[in-house]
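The values are calculated or read from the model by the stated rules, or taken from the named source; none is laboratory data. Given the structure is predicted, the values throughout are model-derived calculations rather than measurements. Positions of Cβ are backbone-derived with ideal geometry, glycine not excepted, and every protein chain shown enters the neighbour counts.
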Number of protein chains: 2
Amino acid sequence: MKKTLYIFNNGELRRKDNSLYFETDGQRKFIPVEDTNDIFIFGEVDVTKRFLEFASQKEICIHYFNHYGYYVGSFYPREHLNSGHVILKQAEHYLDQQKRLHLARLFVRGSIGQMRRVVKYYASRVKSGQEQLTERIGRLDHHLDILPQQNSVEELMAVEGHAREAYYSTFDYIIGDDDFRFVKRSQRPPLNRLNALISFGNSLCYTIALSEIYKTYLDPRIGYLHATNFRRFSLNLDLAEIFKPIFVDRLIFYLLNKKMLTKDDFDRQTGGILLSDSGKRTFVAEMDKRLKTTVSHRHLGRSVSYRRLMRLELYKIQKHILGEKEYEPYQALW
Amino acid sequence: MKKTLYIFNNGELRRKDNSLYFETDGQRKFIPVEDTNDIFIFGEVDVTKRFLEFASQKEICIHYFNHYGYYVGSFYPREHLNSGHVILKQAEHYLDQQKRLHLARLFVRGSIGQMRRVVKYYASRVKSGQEQLTERIGRLDHHLDILPQQNSVEELMAVEGHAREAYYSTFDYIIGDDDFRFVKRSQRPPLNRLNALISFGNSLCYTIALSEIYKTYLDPRIGYLHATNFRRFSLNLDLAEIFKPIFVDRLIFYLLNKKMLTKDDFDRQTGGILLSDSGKRTFVAEMDKRLKTTVSHRHLGRSVSYRRLMRLELYKIQKHILGEKEYEPYQALW
């Protein structure tokens, strides 16, 4: 398998005869052209046309990300891995009701599985509410059990919704702070501080998922659990379901437990409550740390970052739609 | 209508705050960002990432051509018009054999129809060969007639190929210049001057089609007559079939008839013959004029530019795949 090259330094991509190199601080790093699939540019990098010509011959795509890590655009060689093939397969898995249902069910299973892990982790750690948490685990198990009997995406969505209700009802026990009561899920705008945190964290999670999707051949517009429709990405929403419990919810518990966020970090606005700017900064900085945290990976036999875990999940989904290997959603080990 | 910028000089594309400029020989030429649709690069041009970031925001595509005038690749900004719905429908029309065949047939019909118009236009104007041209019209009519009986994309491709042969065999009569004999179609490299012109014009046409597709909800990766596969844009090839006769071939006749290009505008290179730099400049400038030329539009009841015609064609294809209106390929009026 050809490799992906990531460039974080500033410099220039140049060509000398039939070799390509990256020049940074006067140093030349040669690029193994025959072994390179694509190049991801994060630094401030200039590219010569002669470089692109040779990259094009070697069918190397170049993807640009801006300073904030958002995808900017791509240089596509005349002939390249676009890939029309992957998108057709992705569409086929959406258009075929059974295939779509199968994938949607896997996303819900992954999502509830992760919620269960979070609750199980805290069940032996909470000061009060152990009994309630154990009861919620039972409920989540029940929802997992009935997934195979759901025969439409709407039914799956309903089960996911009920599971999420049970899951959220553990938050007050886990957080144990009267300044951050859950009450009920409220959005646009969130009506209390805890909901403000969940909303903010989820939207970050959706965006990170989108960036990761751009680094694969998958098209973010075609999701399975979340319906594909006009003007919206949906595959990132599917993917985020599996990662919200570890990326967002556990981060919220951590931030509140460490008192890194308190009620002073919130503003009352337009009928709702939102994180203040300084609160957002704290949240984002800790989220970023969290994404870089490495965890040991069962199958790879090595440690990978949380963010990398998301990418690996996408590769698994890609393999699934290409018919290479049945998708199994990620399950945290702890 | 936004403009296309053609760069033949060597230099650098850079950004300063919210403006973009091209620096050549120490001179800065500013690029009107709000008024620029795409940039075609023929010279040796370096591009900074900061330039691409802003170009992406302004939805400007950048297309690269090598020294020989061959298309190398494109910088494609992050998809801005997102419609998962359209792409699903587009995929559905590919995955369903009958739907794909139907669209592929329409593209071939449109393509042969345009060839026929060109031959018919010249049939009453050529100095010699009227009889031959009339005979070719008969052949093209025959190919149009047998389209409904073709039951695979491969068969349609074969009919298109035969029609094109008949069409090209009229060129010597239309051009009537011994310096520009057709002989037979040769590519990569073209083996004579006329073939060099056709190759250069066609690759411009494919690239313009790509830029126009980018302005719609359609995905350039999924074509119908040209198979969607791992490595290539294909919808632009389908679309170009309909426009090559008017955008490219008639332009060639015009340039040669007016002696705007002569045999001195060609270089013998690497076993083939290619347009010289000055020849390319002349061709591109006249192509650009041609794209801006307005023609009266049958249904709109107003004049639209040739380039706009291409966009309108894409809207019609979009309506077709959305099931709103059956696609009817464009037919020139003259």
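Worth a mention:
- Listing of helices (runs of 4 or more DSSP H) fully contained in the stretch B:222-310 that carry 1 or more residues being in contact (Cβ under 8 Å) with a residue 12 or more places away in the chain and within 30 Å of B:E154 (Cα to Cα): B:235-243, B:250-257
- Number of residues in the stretch B:56-72 that are more than 7 Å from every other protein chain (Cβ to nearest Cβ) and small (G, A, S): the value is 1.
- Any hit, the stretch A:34-49, residues being in a helix (DSSP H, G or I), without any contact (Cβ under 8 Å) to a residue 24 or more places away in the chain, more than 30 Å from A:P329 (Cβ to Cβ) and outside the structural domain of A:E154 (by TED's automatic domain parsing): yes
- Where B:A158 falls short, out of the listed (1) out of contact with any Pro (no Cβ under 8 Å at 6 or more places or on another chain); (2) among the small types (G, A, S); (3) buried (at least 16 other Cβ atoms within 10 Å of the Cβ): (3)
- Within the option set B:L300, B:L261, B:L239, being at pLDDT 90 or above, farther than 20 Å from B:S186 by Cβ and more than 14 Å from chain A (Cβ to nearest Cβ) holds for one residue only, B:L239.
- Considering the stretch A:293-334, and only residues there that are β-branched (V, I, T) and buried (at least 19 other Cβ atoms within 10 Å of the Cβ), the residue that is farthest from A:Y206 (Cα to Cα) turns out to be A:I321.
- Any hit, the stretch B:26-38, residues being buried (at least 17 other Cβ atoms within 10 Å of the Cβ) and closer than 25 Å to B:I198 by Cα: yes
- Here B:L191 does not qualify as at pLDDT below 95, surrounded by fewer than 24 Cβ atoms within 10 Å (Cβ to Cβ), more than 10 Å from chain A (Cβ to nearest Cβ) and under 10 Å from the mean Cα position of the chain (by Cα).
- Residue that is modelled with the lowest pLDDT, among those in the stretch B:73-89 that are more than 7 Å from chain A (Cβ to nearest Cβ) and part of a helix (DSSP H, G or I): B:V86
- Flag for A:I222 being in contact with a Leu (Cβ under 7 Å, 6 or more places away or on another chain) and surrounded by fewer than 21 Cβ atoms within 10 Å (Cβ to Cβ): no
For every residue, the table says whether it meets (1) of a type in the set (A, V, I, L, M); (2) within 30 Å of B:D264 (Cβ to Cβ); (3) assigned by TED's automatic domain parsing to the domain that holds B:L275.
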residue: B:S128; (1), (2), (3): no, yes, yes
residue: B:Q132; (1), (2), (3): no, yes, yes
residue: B:E135; (1), (2), (3): no, no, yes
residue: B:S152; (1), (2), (3): no, no, yes
residue: B:I174; (1), (2), (3): yes, yes, yes
residue: B:F180; (1), (2), (3): no, yes, yes
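- In the stretch A:7-55, residue nearest to A:S211 (Cα to Cα) [restricted to those that are within 11 Å of chain B (Cβ to nearest Cβ) and of a type in the set (V, I, T)]: A:I41
Each row is one residue, and each column tells you yes or no for (1) crowded, with 21+ Cβ neighbours inside 10 Å; (2) of a type in the set (A, V, I, L, M).
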position: B:L52; (1), (2): yes, yes
position: B:S83; (1), (2): yes, no
position: B:E92; (1), (2): no, no
position: B:K120; (1), (2): no, no
position: B:S124; (1), (2): no, no
position: B:K127; (1), (2): no, no
position: B:D141; (1), (2): no, no
position: B:I146; (1), (2): no, yes
position: B:V153; (1), (2): no, yes
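- Any hit, the stretch A:90-97, residues being over 23 Å from B:V86 (Cα atoms) and assigned to a helix (DSSP H, G or I): no
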